[in-house]
Amino acid sequence: MVLLLPIIVGGLRAFVFRATVEHRRAVLELFDHGQSDAVAAEIAQATAARQPVFELIGQFERELESMSWSDRRTYAGPFDEFKDRLRKLLGPFPGDAEPALIRSQYGQTRWDRAQEELRHTLYRTEYDYSDTSRMGRPVAVPRVTDFEGTCLEPLFGMLERDLEPMLRPQWTFYWRFLFDKSIDAHFFGGIWPEMLGTLYLTIGAILFAVPMGIISAVYLVEYAREGWLVNVLRTCISTLAGVPSIVFGLFGLAFFINTMHVSHSKSVLAGSLTLAVLILPVVIRASEEAIRAVPQTYKEAALSLGSSRWRTITRVILPASLPGILTGVVISMGRAAGETAPIIFTAAVSMGRPLHVWQTLSEATPALPWNIYNLCQEHEAVDEIRHVQYGMVLTLVMLVLLLNATAIIMRARISRRLTG
Amino acid sequence: MASSQAVFPVRPAAASRSLLLSKRASRTRRLTAAIGHTILLAITASSALAVMFIFFYIARDAIPFFQDRGFREFFTSVEWYPAADPASFGALPIFVGSGLVTLGAILVAVPLGITAAVCLSDILPFGVRQLVKPVIEVLAAIPSVAYGFFALVVFAPLIQEHGGWILAITWWCIATPPLAVAAFIGGDLLADRLSGAKHASIGRWIASTILFIVAAGLLLLVGLRFTNVEVSSGTNALNVSIILGFMALPTVISVSEDALQAVGRELREGAYALGATRAETLTRVVIPAAASGLCAAVILGIMRAIGETMVVWMASGNASKIPQPWFNLLEPVRTLTATIAGDMGEADHVTGSARYHVLFAMALGLLTIAFICNTISERVIGRSVAKVR
């Protein structure tokens with residue numbers, strides 16, 4: 001529960017947040033959602049509000065040119081740093097060339113991030129090493145001290161005071177987070193490719209594992225006579241259930257990709273097969289239990305009516321145990337959707353477009369669990385896309401919990417039906 | 001008799017045709033049955049033999065490493081520089097890291113888990129159990145990467161800022177429930193020894209409370225000593241141990257609860273009938289009878305912790321050195337699973353190099369540990385079932 005709380009709170013911030021005008025501009029230009037005239041009007045208002053800022057900057061640039069060479073040198077460095085920060089906050093200045101990176105074409109899209117950026121614009125961090133026994137402590141130094149006595153000085157107060165009309169934050173429910181593709185390494189857009197990848201992998205794993213699992217369970221319960229062979233099979237299945245998930249990943253790499261060559265390199269197919277092996281014991285056990293739970297009288301009645309053994313199984317036992325088997329399948333879907341380690345080497349890539357169904361045979365996909373890892377460990381701007389990470393974790397956890405809740409409810413129904 | 005014959009006239013010819021198959025029909029039927037049986041067996045065997053395949057393919061890629069470099073360096077050296085030239089593959093610190101993290105996780109999971117199981121099966125009312133079981137199941141279902149994210153993004157900064165307090169709180173969380181149960185049981189036993197039957201229940205409460213206060217005082221003192229500890233980095237063995245402990249908790253609780261339930265009503269009622277109190281029944285009858293099941297719970301918890309990848313990869317710090325002293329949980333460690341996950345990205349392009357094969361050697365090690373643990377737990381559970389019956 002302690003675990004879920006921060007994830008839910010943080011995750012909701014990916015969906016519900018105060019979006020700035022830059023967010024609406026980005027959504028309009030990159031995804032073509034929203035009303036273009038309303039956004040254009042807002043952009044005009046925001047530009048008007050920003051006008052004094054750029055005027056002051058232009059004024060300071062002129063002042064800088066009239067300064068002596070040494071003065072210019074003291075001011076130029078901090079001024080460039082300040083301008084870079086400001087670009088990050090508000091987007092490119094009017095008159096700038098169009099930046100190559102999409103993330104630098106827009107200012108901050110979220111109000112919480114914008115305030116964080118504002119802090120970095122107004123203050124720079126220095127480290128205090130006066131106490132040598134400890135690590136250096138960060139100290140915030142107002143940048144305004146760098147520009148004391150110049151015409152840039154009032155700008156800092158203005159930014160602090162008037163950021164709101166410049167960015168025009170509004171509460172927004174960004175449900176498209178789930179269904180937009182990501183643009184520029186998750187700076188914009190949503191998590192659709194990851195969602196789709198997880199969906200493909202899960203369904204693929206189920207497709208491979210469920211038929212095998214049910215047939216094995218039928219054999220173990222209905223056909224097999226107790227003996228050394230069945231003992232060996234059972235031991236194998238329980239050992240399979242205990243194999244660490246990372247080993248499945250290596251196995252998938254060594255067997256499905258390097259030996260069987262199901263695909264040239266990582267692919268959804270290879271990942272699904274690996275996940276199928278992983279969930280096989282879960283499916284077998286659940287189906288076995290479900291089949292055992294079918295009352296013996298059903299079977300005897302069917303046999304006494306003259307139906308063959310196979311017919312009894314397909315027409316009587318399997319239909320009767322279907323809800324139980326489905327419960328197991330749903331639980332194993334949750335397991336397959338959440339596993340990361342097996343797909344690292346077999347299916348997952350960090351960046352990718354949403355795949356079409358026929359591409360799953362040969363191409364790798366981004367997937368929720370892997371991209372959560374990737375975004376919070378290997379992304380170049382980890383702190384700036386925290387909300388995306390939280391949103392992804394929340395989506396994955398909710399997906400898995402939903403599947404498990406379904407399974408629990410289904411099982412409660414079954415036990416109620418069996419007891420009366 | 002006569003009338004029934006009149007109603008259901010038996011025609012011998014028709015009966016013999018429907019009941020007795022011709023030789024050929026019976027042969028085909030037996031043949032199809034045999035073929036069907038074989039096909040089913042083949043499918044079952046192939047899914048069961050997946051584990052053999054895993055062993056085979058992991059070993060096939062692991063053996064070249066041992067042929068090339070031998071066993072000694074891998075198991076005894078502490079130099080892990082797979083990318084250097086000449087490379088060195090001393091995996092000892094990595095094994096120690098895995099062991100340390102698992103030990104920490106067990107220290108968290110076992111006292112809490114077994115206490116929770118005892119409470120659920122013997123102390124708390126049945127309704128609570130009905131409520132708690134699904135919650136535990138859901139906890140077990142949360143994906144490991146979500147735990148890892150929590151460990152890295154939420155828990156690691158907390159540990160870095162307030163390491164001492166986290167340590168103290170963890171200590172209290174771990175030690176309080178077992179001590180509370182111990183105080184409860186101890187109080188029961190003490191009261192039975194000291195007073196007669198007259199004031200038994202009051203005496204029991206008083207004794208329990210006194211014991212509990214003494215225990216809580218001790219706990220508080222030890223915990224407060226922990227608060228002075230300073231932590232230099234939040235991603236360390238302590239963080240991972242706590243998170244892994246909570247991940248292993250559902251396994252430990254449900255397996256040990258099953259073991260306690262398997263003891264059955266008869267034994268408990270027998271003990272009550274002989275005049276034992278609830279505490280005596282628990283300590284003298286139920287727990288000894290379920291001991292091997294509890295062992296199995298611990299082993300399964302170990303398996304869960306040692307095989308976990310994402311949490312340790314994200315939050316253990318990934319430094320391949322042995323902590324000084326070896327049980328120092330505040331230092332970053334590197335585990336087998338995290339090494340495999342982390343290094344394969346680089347070793348993948350050089351399939352066939354020692355760097356690639358060493359990861360398979362580690363996987364083989366993991367697989368062997370898992371196999372041994374699994375076999376032991378199976379044996380133990382089997383024996384406990386036999387014993388109870």
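Here the calculated FRET efficiency for A:GLU61 and A:SER265, from their Cβ-Cβ distance with R0 = 35 Å, stands at 0.10, rounded to the nearest 0.05.
If you run the Gaussian network model on chain B, springs between alpha carbon atoms under 10 Å, then out of B:THR32, B:THR277, B:THR339 the most flexible one is B:THR32. Using a Gaussian network model of chain A in which every pair of alpha carbons under 10 angstrom is joined by a spring, one finds that among A:ARG124, A:ARG72, A:ARG386 the greatest mean-square fluctuation is at A:ARG72. Could you tell me how far the Cα centroid of the stretch B:29-49 sits from the Cα centroid of the stretch A:108-176, in Å? Spelled out, the Cα-based centre of one part sits 71 Å from the other.
Backbone amide hydrogens, once placed in the peptide plane, bring A:ARG124 within less than 5 Å of A:VAL141, A:ARG143, excluding anything fewer than 5 places away on its chain.
Once a ≥ b ≥ c are taken as the square roots of the eigenvalues of the Cα gyration tensor of the stretch B:90-145, is the result rounded (a/c under 1.5), prolate (a/b larger than b/c) or oblate (a/b not larger than b/c)?
Working: a/c = 6.77, a/b = 2.17, b/c = 3.11.
Cα axes put the stretch B:90-145 in the oblate bin.
Note on chain A: with a GNM built from Cα contacts shorter than 10 Å, the maximum mean-square fluctuation among A:GLY136, A:GLY252, A:GLY11 falls on A:GLY136. Annotation: amide H of A:GLY190 within the under-5 Å range of A:ASP180, A:LYS181, A:SER182, A:ILE183, sequence separation 5 or more or interchain, hydrogens built in the peptide plane. I need the shape label for the stretch B:114-193. Rule: rounded when a/c is under 1.5, else prolate if a/b > b/c, else oblate, with a, b, c from the alpha carbon gyration tensor. Taking the square roots of the gyration eigenvalues as a ≥ b ≥ c, the stretch B:114-193 is oblate. Annotation: amide H of A:VAL16 within the under-5 Å range of A:TYR174, sequence separation 5 or more or interchain, hydrogens built in the peptide plane.
Please arrange A:GLU226, A:GLU194, A:GLU300 by counting, for each residue, the other beta carbons lying within 10 Å of its beta carbon, fewest first. Show your work: numbers first, answer last.
Working: A:GLU226 8, A:GLU194 29, A:GLU300 11.
Listing A:GLU226, A:GLU194, A:GLU300 from fewest to most nearby Cβ atoms yields A:GLU226, A:GLU300, A:GLU194.
Going by a ≥ b ≥ c, the root eigenvalues of the Cα gyration tensor, does the stretch A:345-416 fall in the rounded group (a/c under 1.5), the prolate group (a/b larger than b/c) or the oblate group? Note, shape of the stretch A:345-416 comes out oblate.
Each residue, B:TRP326 and A:GLU81, gets one label point 7 Å from its Cα in the Cβ direction; the gap between the two is 4.9 nm.
How high is the FRET efficiency from A:ALA293 to B:ARG379, r the C-beta distance, R0 22 Å, rounded to 0.05? Approximately 0.25, to the nearest 0.05.
Quick check: convex hull over the Cα atoms of chain A, volume per residue in Å³, rounded to an integer? Don't jump to the answer; show the numbers that get you there.
Working: hull volume 96.3 nm³, N = 420.
It comes to 229 Å³ per residue, whole-number rounded.
Separation of the stretch A:388-417 from the stretch B:243-263 is 21 Å, based on Cα centroids.
Phi angles of the stretch A:4-21 translate, via the Karplus equation with coefficients 6.51, -1.76, 1.60 and θ = phi - 60°, into HN-Hα couplings of 6, 4, x, 5, 5, 4, x, x, 5, 5, 6, 9, 10, 7, 8, 8, 8, 4 Hz per residue; Gly and Pro are given as x.
Tell me, what is the FRET efficiency for A:ASP37 and A:ASP184 to the nearest 0.05, using R0 = 22 angstrom and their Cβ-Cβ distance as r? Don't jump to the answer; show the numbers that get you there.
Numbers: r = 26 Å, r/R0 = 1.19.
FRET efficiency, A:ASP37 to A:ASP184: 0.25.
Ranking of B:ILE35, B:ILE159, B:ILE340 by neighbouring Cβ atoms within 10 Å, starting from the fewest: B:ILE35, B:ILE159, B:ILE340.
What fraction of the Cα pairs in the protein assembly as shown, stated in percent, has a spacing above 39 angstrom? It would help to have the intermediate numbers written out before the result.
Details: 168117 of 326836 pairs.
When every Cα pair of the protein assembly as shown is considered, 51 percent fall beyond 39 Å.
Put in order of Cβ neighbour count within 10 Å, fewest first, the listed residues A:LEU89, B:LEU120 become B:LEU120, A:LEU89.
Using the Karplus relation 6.51 cos²θ - 1.76 cosθ + 1.60 with θ = phi - 60°, the per-residue 3J(HN,Hα) values for the stretch B:156-162 come to 4, x, 4, 5, 5, 6, 10 Hz, with x marking Gly and Pro.
Computed from the coordinates by the stated procedures, all read-outs in this text should not be read as laboratory data. None of the values given here were measured: they were computed from a predicted structure. Here the Cβ is made from the backbone with ideal geometry for all residues, glycine too, and neighbour counts use every protein chain on show.
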